[in-house]
Amino acid sequence: MRGTSGASLAAAQERFEPVLRSAGADGQTLGEQLFAVVAALDASGPLRRSLADPSRDPEDRAALAGRVLAGGFDERVVDLVTGLARSRWSGDADLADAVERLGLDAVLASAESRGALETVEDELFRLTRALVGQREARQVLSDGATDPERRAQLVDALLTGKVDGVTQALARRATTHLRGRRFVATLLWYGEIAAERRRRLVATVTSGAVLSQSQQDRLAGLLERAYGRAVQLNVTVDPAVIGGLRIQVGADVVDSTVLSRLADARRRLAG
């Protein structure tokens, strides 16, 4: 999210962070309520447009948000959403996306408050890896035409008793509220947000062979010097990668695999 909407989201996150620090484990409840707001915004275009309409007085928009949330919502959620309604958005869809992001911040902050954020991040990544060879499961979990409850039951069958409660709650949300995304892509996004809360960048590394711990440490050191921040390595092994590494950090992709170099050579010869 960039421009006006990005600035509005960043300002909301700055205001909300002290609330999350004091909320502790209650952050998960705040997050769930924010997700309910997202569902309401997604379901009602007129409401979403009214709350983001730049031609409407900001206080009028805030008052509308307050009326919608009256009764049943935590006052901290009401205060946050009315503040969002006062803000400016490049498009009404950005408002719903901002509420979702703040909901994720809240749920992850609840895990952080009990020292489980790194565990949740790791479990989200491991789940995406476990689904690599499960094409049918991936399709079902990303299929908006399949009953959401059936998709949630599949997640529960995979995860109940095996992962942190926040991990399971986020995985359930990733399949029951697709919002135009694929299940695995959503889990990866959640993991990036978790890493961001830990002030780390996520580097997804694909190698043709298992990397030793010393190799991983050297690679992490190189990336940390390049980016000026701590880097979390998520390493997977793909036998199709004949040599070298494929490294992705955010939108940056460093592909040094043999196959990539051969493909590049073919393109040069063809040109």
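The values are calculated or read from the model by the stated rules, or taken from the named source; none is laboratory data. In this text the structure is predicted, and so the values were computed from the model without any measurement. So basically every Cβ, Gly included, is an ideal-geometry build from the backbone, and we count neighbours across all protein chains shown. Ligands, DNA and RNA are stripped out before the accessible areas are found, and what is left, the full protein with its side chains, is counted by its heavy atoms. Shrake-Rupley method; radii C 1.70, N 1.55, O 1.52, S 1.80 Å.
Assorted remarks:
The rows are residues; the columns are (1) among the basic types (Lys, Arg); (2) surrounded by 14 or more Cβ atoms within 10 Å (Cβ to Cβ); (3) modelled with pLDDT under 85.
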{"position": "Arg182", "(1), (2), (3)": "yes, yes, no"}
{"position": "Leu187", "(1), (2), (3)": "no, yes, no"}
{"position": "Ser212", "(1), (2), (3)": "no, no, no"}
{"position": "Gly221", "(1), (2), (3)": "no, no, no"}
{"position": "Val231", "(1), (2), (3)": "no, yes, yes"}
{"position": "Asp238", "(1), (2), (3)": "no, no, yes"}
{"position": "Asp252", "(1), (2), (3)": "no, no, yes"}
{"position": "Asp255", "(1), (2), (3)": "no, yes, yes"}
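- For the residues Val249, Val241, Val155, the requirement of being of a type in the set (Val, Ile, Thr) and touching a Lys or Arg at 6+ places or on another chain (Cβ under 9 Å) singles out Val155.
- In the stretch 74-106, the residues that are within 16 Å of the chain's Cα centre (by Cα) and basic (Lys, Arg): Arg101
- Pair list, Cβ under 8 Å, 6 or more apart: the stretch 181-192 residue over 20 Å from Asp42 (Cα atoms), other residue of a type in the set (Asp, Glu): Gly191/Glu121
- The residue that is modelled with the highest pLDDT, counting only those in the stretch 240-250 that are surrounded by fewer than 15 Cβ atoms within 10 Å (Cβ to Cβ) and over 19 Å from the mean Cα position of the chain (by Cα), is Ala240.
- Some residue of the stretch 166-178 being open to solvent by 50 Å² or more (accessible area, probe 1.4 Å) and under 14 Å from the mean Cα position of the chain (by Cα): yes
- Residue count for the stretch 1-11, restricted to those that are in contact with a helix residue (DSSP H, G or I) (Cβ under 6 Å, 6 or more places away or on another chain) and open to solvent by 50 Å² or more (accessible area, probe 1.4 Å): 1
- Among the criteria (1) at pLDDT 85 or above; (2) closer than 30 Å to Glu14 by Cα; (3) open to solvent by less than 80 Å² (accessible area, probe 1.4 Å), the one Thr204 does not fulfil is (1).
- Selection status of Ala109, crowded, with 23+ Cβ neighbours inside 10 Å, modelled with pLDDT under 95 and within 19 Å of Ala10 (Cβ to Cβ): yes
- Qualifying residue in the stretch 12-28 (condition: modelled with pLDDT of 95 or more and either outside any helix (DSSP H, G or I) or surrounded by fewer than 17 Cβ atoms within 10 Å (Cβ to Cβ) (or both)): no
Yes or no, residue by residue, for (1) in contact with a Leu (Cβ under 9 Å, 6 or more places away or on another chain); (2) at pLDDT 95 or above; (3) crowded, with 21+ Cβ neighbours inside 10 Å; (4) of a type outside the set (Asp, Glu):
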position	(1), (2), (3), (4)
Leu30	yes, yes, yes, yes
Ala36	no, yes, no, yes
Leu47	yes, yes, no, yes
Gly72	no, no, no, yes
Arg76	yes, yes, no, yes
Leu95	yes, yes, yes, yes
Val99	yes, yes, yes, yes
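- The condition of being over 30 Å from Met1 (Cβ atoms), small (Gly, Ala, Ser) and either part of a loop (DSSP other than H, G, I, E, B) or in contact (Cβ under 8 Å) with a residue 12 or more places away in the chain (or both) holds for only one of Ala209, Ala169, Ala152, that being Ala209.
- The residue of the stretch 125-151 that is nearest to the chain's Cα centre (by Cα), among those that are open to solvent by less than 10 Å² (accessible area, probe 1.4 Å) and farther than 16 Å from Thr176 by Cα, is Thr128.
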